[in-house]
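Derivation of every value follows stated rules applied to the coordinates shown; laboratory data play no part. This is a predicted model, so every value here is computed, not measured. When we count neighbours, we look across all protein chains shown, and the Cβ atoms used for this are built from the backbone with ideal geometry, even at glycine.
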Amino acid sequence: MRLTELQRTIIRQTVSSIVGPDARVILFGSRLDDSARGGDLDLLVESDELPTLMQRSRIKLALESSLVMPVDILVIQRGAQPTAFQRIALATGAPLGGT
């Protein structure tokens, strides 16, 4: 995983402050590959309430500003049937913390 502990903490705290403490953050995509270079930050945010477009925008802007890298946010409501892309993120991703 190509994220420092500080970066992981910033991600968890940002998502928690915007979506709520029940949010679970899963990293997926190229940042999981230690041999890769560059790339954006792909996150799946899972919570009891589906995060709104405004919440997703706030997360994206806050993380891009503090981490200085492009961020893509995917969301899912806990217990909802995942789309094909969400299933891939859930199956291949690594949780960063949360419930």
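Of the options (1) 13.0, 44; (2) 19.5, 79; (3) 12.4, 35, only one is Rg and Dmax of the Cα atoms in Å as computed from these coordinates, and that is (3).
Calculated [222 nm] ellipticity per residue, helices only, for the chain: -12500 deg cm²/dmol; basis is -39500 (n - 2.57) per DSSP H run with n ≥ 4, divided by all residues, nearest 500. Pairs of Cα atoms nearer than 8 Å and 6+ residues apart set the relative contact order; for the stretch 5-98 it is 38 percent.
Using a 10 Å Cβ count of at most 14 others and DSSP loop calls, identify the longest part of the chain lacking such trypsin sites (Lys or Arg not before Pro).
That would be 38-77.
Using modelled amide H (1.01 Å from N, peptide plane; none on Pro or chain starts), what sits under 5 Å from the amide H of residue 96, excluding residues fewer than 5 places away? Counting only residues 5 or more places away or on other chains, the set is 25, 26, 27.
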